[in-house]
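The structure under discussion appears below in the form of structure tokens.
The values are calculated or read from the model by the stated rules, or taken from the named source; none is laboratory data. Note that the structure is predicted; figures quoted are calculated from it, not measured. When we count neighbours, we look across all protein chains shown, and the Cβ atoms used for this are built from the backbone with ideal geometry, even at glycine. All accessible areas refer to the heavy atoms of the entire protein, side chains included, with ligands and DNA or RNA removed. Shrake-Rupley method; radii C 1.70, N 1.55, O 1.52, S 1.80 Å.
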Amino acid sequence: PDTAAAGEYQGTLLVRARDLVVERVSVRVTVWDFTLPSVPPLRTALSFRALSPKLYPAETIPGLVQAYEDWMLDQYGLNPGNIYSSAPPSWSAERLRDLVDRGLNAINLAYFNAPRGDAFDETAYWKRFDEQVRAVEAYMPIIEAAGARDLCYFYCFDERPAEQLDIVFATAKRLKQLWPDIEVMSTAYDRTFGLDREDGDAVDIWVPLTPH
């Protein structure tokens, strides 16, 4: 437990198969004189998606999702959100407060994306953008009731190539006009991270591809 006094602890780990002990392992543990924080300082952005009814009985899925979310936070300090969800989370204010108490420290309000190349239809994209904005506006009272506004961000355009950066920054700029205090994150391939653009400061969080 996190209340254990600092020092050396020894014991034996027993590996059992039914009633048979198949292995004994001596264990020595050093406990240091500090306690890890319950809320990790590292903010994570993951893609925890809905469980498939092909694998689990439908009536068990809500409880399993909650159990997985609790496990991710309690055991590993990982945020159980979905960075690829075009809609806000479905958590209630009560559930959101519980997750924050467990260590949730980043909430993706929506993922903004568009088809690449010739498949991109600007008129259709901005119509979709407005629909997503309305969904976020409808969810914000829950965020506010949970006191979690400062944990929120938007994820925009996953690994978009450099020649398509205009739509990335245009989207980020509109989001900042609507919610100036909510951060915008992108993994788009801008090696200057916005420094070469007048609208470059619309993206707050850059996630670079590893070689860059």
Filter the chain for me: DSSP H helices, axial length by Cα at least 24 angstrom, mean Kyte-Doolittle hydropathy not below -0.5. List them by residue number. 122-145
The chain - percent relative contact order, Cα under 8 Å, separation 6 or more: 14 percent
Qualifying chymotrypsin sites (Phe, Trp or Tyr not before Pro) for segment 15-63 [loop in DSSP, other Cβ within 10 Å: at most 13]: W32, F34
Whole-Å distance, taken between Cα centres, linking segment 60-103 and segment 187-212: 29 Å
May I ask which residue of V65, P41, P89 lies farthest towards the positive end of the charge dipole of the chain, with charges of +1 (Lys, Arg) and -1 (Asp, Glu) on Cβ and the Cα centre as origin? V65
Please compute the Kirkwood hydrodynamic radius over segment 1-127, one decimal place, Å, based on all pairs of different Cα atoms. 18.9 Å
Label corresponding to Kirkwood radius over Cα pairs in Å when calculated from the structure given, among (i) 18.1; (ii) 19.4; (iii) 20.3: (iii)
Using only the heavy atoms of the protein chains and a 1.4 Å probe, how would R28, R128, R16, R149 rank by accessible area, largest first? R28, R16, R128, R149
One computes Rg over Rh for segment 32-101 from alpha-carbon atoms, with the Kirkwood Rh, and obtains 1.02
Between D150 and Y76, Cβ-based FRET efficiency (R0 25 Å, step 0.05) works out to 0.65
Segment 70-169, dipole about Cα centre (Lys/Arg Cβ +1, Asp/Glu Cβ -1), debye to the nearest 20: 160 debye
Put +1 on the Cβ of every Lys and Arg and -1 on every Asp and Glu Cβ in segment 1-157; which of Q75, V21, Y125 then has its Cα farthest towards the positive end of the dipole? V21
For the chain, with only Lys/Arg (+1) and Asp/Glu (-1) charged at the beta-carbon, what is the dipole magnitude about the Cα centre, in debye rounded to 20? 600 debye
Please list, or write none, the aspartates and glutamates whose alpha carbon is within less than 17 Å of the alpha carbon of K54, excluding same-chain residues fewer than 8 places away. none
For a quick check of understanding: with a 1.4 angstrom probe and all protein chains in place, what accessible area in square angstrom does K173 have, to the nearest ten? 110 Å²
For the chain, give the percent of accessible area contributed by carbon and sulfur heavy atoms, probe 1.4 Å, rounded to a whole number. 54 percent
Less than 19 Å apart at the alpha-carbon level, and either on another chain or at least 8 residues along: which lysines does that give for K127? K173, K176
Quick one: compute the contact order of segment 54-145, relative version, from alpha carbon pairs under 8 angstrom and 6+ residues apart, as a percent. 29 percent
Tell me the volume per residue, in Å³, of the convex hull enclosing the alpha carbons of segment 77-198. 111 Å³
